[in-house]
Amino acid sequence: SQQGEEDPQALSIQEGENATMNCSYKTSINNLQWYRQNSGRGLVHLILIRSNEREKHSGRLRVTLDTSKKSSSLLITASRAADTASYFCATPREDNFNKFYFGSGTKLNVKP
Amino acid sequence: KAGVTQTPRYLIKTRGQQVTLSCSPISGHRSVSWYQQTPGQGLQFLFEYFSETQRNKGNFPGRFSGRQFSNSRSEMNVSTLELGDSALYLCASSYGTEGLEQYFGPGTRLTVT
């Protein structure tokens, strides 16, 4: 079964609003990564947070990681229509970091 | 650097046939992973190759196989196609160490009729 689960499954917001999506995972991890996928295309790596980090920023993205709760959140601030995509969290296993598990994804729709 | 390329981009096959998909990783990357993406099952890990050796394998039947060449290019093969094999097949390349970020190709959309 898949390692991570995103919540919510779908999110619809207005341009300029913030979008928050969450990811839960099951086992110990080395790091957690977030990816974006535009409709029917390949995934694009957004940000990586290591297991010893609690928060990381990259432009309009803010990621938090709580290893005690086995969860992470991705915040996109001041969203744009171009942010419309599906967002996935990915976790390489701590005991086998070349094997990735992806969550089910959050489909974000940003309305202009 | 050129990105990950996958060929073909679209493919239509009939049940029972076999198919070969190709992936060229980013120059310098030695690891290539393959994923199957379907609406029902999401993104599922198929296998990972590193330096021409299969290093990891997901839970897929033996009809799914792959290989990697000395230039790191990889192919995956699906034999005896079933309707349920219709999916977007994604390959991703990385340096293959420390579980760092993967770089994905645009995918091959396979339709089995």
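The values are calculated or read from the model by the stated rules, or taken from the named source; none is laboratory data. Note that this is a predicted model, so its numbers are computed, not measured. In this analysis, Cβ positions are derived from the backbone assuming ideal geometry, glycine residues included, and neighbour counts consider all displayed protein chains. Ligands, DNA and RNA are stripped out before the accessible areas are found, and what is left, the full protein with its side chains, is counted by its heavy atoms. Shrake-Rupley method; radii C 1.70, N 1.55, O 1.52, S 1.80 Å.
Please go through region B:1-44 and pick out each residue that is among the basic types (Lys, Arg) and modelled with pLDDT under 95. I'd like the intermediate steps shown before the answer.
Taking region B:1-44 first, the residues among the basic types (Lys, Arg) are B:1, B:9, B:13, B:15, B:30.
The answer is B:1, B:30.
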*What about residue A:41, is it open to solvent by 10 Å² or more (accessible area, probe 1.4 Å) and within 11 Å of the chain's Cα centre (by Cα)?*
no
_Quick test of your reading of the structure: residue A:5 fulfils all but one of (1) touching a residue at least 60 places away in the same chain (Cβ under 8 Å); (2) charged (D, E, K, R); (3) out of contact with any Asp or Glu (no Cβ under 7 Å at 6 or more places or on another chain); (4) away from chain B (no Cβ under 12 Å). Name the failing condition by number._
(4)
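Quick test for you: out of B:46, B:21, pick the one residue that is in contact with a strand residue (DSSP E or B) (Cβ under 6 Å, 6 or more places away or on another chain), within 13 Å of chain A (Cβ to nearest Cβ) and either assigned to a loop (DSSP other than H, G, I, E, B) or not hydroxyl-bearing (Ser, Thr, Tyr) (or both).
On the way: B:21 fails: within 13 Å of chain A (Cβ to nearest Cβ).
Answer to the check: B:46.
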*asked:* Of everything in region A:1-26, what is in a strand (DSSP E or B), open to solvent by 30 Å² or more (accessible area, probe 1.4 Å) and closer than 17 Å to residue A:79 by Cα? Give them in sequence order.
replied: A:10, A:11, A:12, A:14, A:20, A:22
*Tell me, which residue of region B:75-101 that is crowded, with 17+ Cβ neighbours inside 10 Å and more than 14 Å from every other protein chain (Cβ to nearest Cβ) is farthest from residue B:17 (Cα to Cα)?*
B:75
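With within 9 Å of chain B (Cβ to nearest Cβ) and either open to solvent by 50 Å² or more (accessible area, probe 1.4 Å) or in contact (Cβ under 8 Å) with a residue 12 or more places away in the chain (or both) as the only criterion, which of A:87, A:101 stands out? First the steps, then the outcome.
On the way: A:87 fails: within 9 Å of chain B (Cβ to nearest Cβ).
Only one candidate qualifies: A:101.
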*With respect to residue A:53, determine if the residue is away from chain B (no Cβ under 11 Å), surrounded by 13 or more Cβ atoms within 10 Å (Cβ to Cβ), more than 19 Å from residue B:43 (Cα to Cα) and without any contact (Cβ under 8 Å) to a residue 24 or more places away in the chain.*
yes
*asked:* Of the conditions (1) more than 26 Å from residue B:94 (Cα to Cα); (2) facing chain B (nearest Cβ under 10 Å), residue A:43 satisfies every one except a single condition; which number is it?
replied: (1)
*Among residues belonging to region A:60-92 that are in contact with a Gly (Cβ under 9 Å, 6 or more places away or on another chain) and closer than 18 Å to residue B:42 by Cα, point out the one that is modelled with the lowest pLDDT.*
A:92
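Yes/no per residue for (1) under 30 Å from residue B:6 (Cβ atoms); (2) touching a strand residue (DSSP E or B) at 6+ places or on another chain (Cβ under 6 Å):
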site: A:15; (1), (2): no, yes
site: A:31; (1), (2): yes, yes
site: A:40; (1), (2): yes, no
site: A:49; (1), (2): yes, yes
site: A:58; (1), (2): yes, yes
site: A:61; (1), (2): yes, yes
site: A:64; (1), (2): no, yes
_Enumeration of residues in region B:20-44 that are open to solvent by less than 20 Å² (accessible area, probe 1.4 Å) and out of contact with any Ser or Thr (no Cβ under 6 Å at 6 or more places or on another chain)_ = B:33, B:34, B:35, B:36, B:43
*Residue satisfying all of: in region B:1-19; more than 14 Å from the chain's Cα centre (by Cα), of a type outside the set (A, V, I, L, M) and farther than 21 Å from residue B:113 by Cβ; least open to solvent (accessible area, probe 1.4 Å) among these*: B:3
*Subset of region A:89-112 (residues that are outside any strand (DSSP E or B) and within 15 Å of the chain's Cα centre (by Cα))*: A:103, A:104, A:105
